[in-house]
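Chemist: So that we are looking at the same thing, I have put the structure below in structure tokens.
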Amino acid sequence: NEVTSIAAYEESIKQLELQGGAYEPALSQELLSLANVYQTQNDHIKALEYLNQALHINRVNSGLFNLEQERIIESKISSHIALGEINDADVQQQYLFYLKRKAFGDDSIELIPALNRYAEWNIYAFDSRLVTNPMFGITSSSNTFPVNATNNLIVEEEFRNTRLVDAQFIYRTIIDILLNNYGSSDSRLLAVEKKLALTNYFFATNLDMSSNAISNGNFSSQALNSSQEFYNMSRVSTNSLGFRHGREALERHLNLLLRLNT
């Protein structure tokens, strides 16, 4: 059981410290495993204590920018989200993405998975204004990240809006990488152009219009499951920047579909 697991990990950690000192490399994995047990018990404050210790030991042994720390950072992100600490989770997401950029370069194909994940995070953070209690039937707009904490804090609009703009930039970056490496007939462009169009829809209905678009809760992750509501274009000004960019993305999406099917 979990109590036995905690006791076993604590004993293992104690022995490793006695044998190898406070910075014994193997401690990092044991501390991560112990933190994960606390996460299953929803004791995320305790989990973060062990995760921070694991991260420190990892960096002492493997360097500040090593990719081995990814699992620890991802666990920290999960605990911050569970505690409703979206800003703290965002700091960790930014650092994780920075590690990937440093390892692979800004224009490399290898960076695309990290770009996709970071774009999803930005959409998720944009959606974090909502109090996502499971009893209300609200689910996250992202398949990668869990539903926000029940008592999640209201996130400042400037933070949310910046996350949305960042998502747009990331999707454009992915498109540029694919175009530069594989040309305009690469089938992966279809999905990215669609995602870019959706972020521009969010932009048009939340940032380009009056503040009522946000205060009335027009954006909801529920809308992703309701095409009739989601594509209610009467809410969008055809002169808006988001509308124009979204239309251009959808036109490129359609043209690519036509090329691939001819």
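Chemist: What lysines does Lys102 reach when the alpha-carbon gap must be under 19 Å and sequence neighbours fewer than 8 apart in one chain are set aside?
Modeler: none
Chemist: Once you have the Cα-Cα distance between Asn181 and His56, take 0.36 nm times their residue separation minus that, and quote the gain in nm to one decimal.
Modeler: In short, 41.2 nm is gained.
Chemist: Within straight cross-link reach of Lys76, meaning Cα distance under 16 Å, which lysines are found once same-chain residues fewer than 8 apart are removed?
Modeler: Lys46
Chemist: What is the percent of Cα-Cα separations in segment 69-119 that go past 13 Å?
Modeler: The share of Cα pairs beyond 13 Å in segment 69-119 comes to 57 percent.
Chemist: Considering only DSSP states other than H, G, I, E and B, which chymotrypsin sites (Phe, Trp or Tyr not before Pro) in segment 1-45 qualify as loop sites with at most 14 other Cβ atoms within 10 Å?
Modeler: Here the chymotrypsin sites (Phe, Trp or Tyr not before Pro) that fit, given the DSSP loop and packing criteria, are Tyr23.
Each reported figure results from applying straightforward, stated rules to the coordinates on display, with no laboratory input. Only a predicted model underlies this, so the values are computations on that prediction, with no experimental measurement involved. Please note: Cβ atoms are built from the backbone with ideal geometry, for glycine as well, and neighbour counts cover all protein chains shown.
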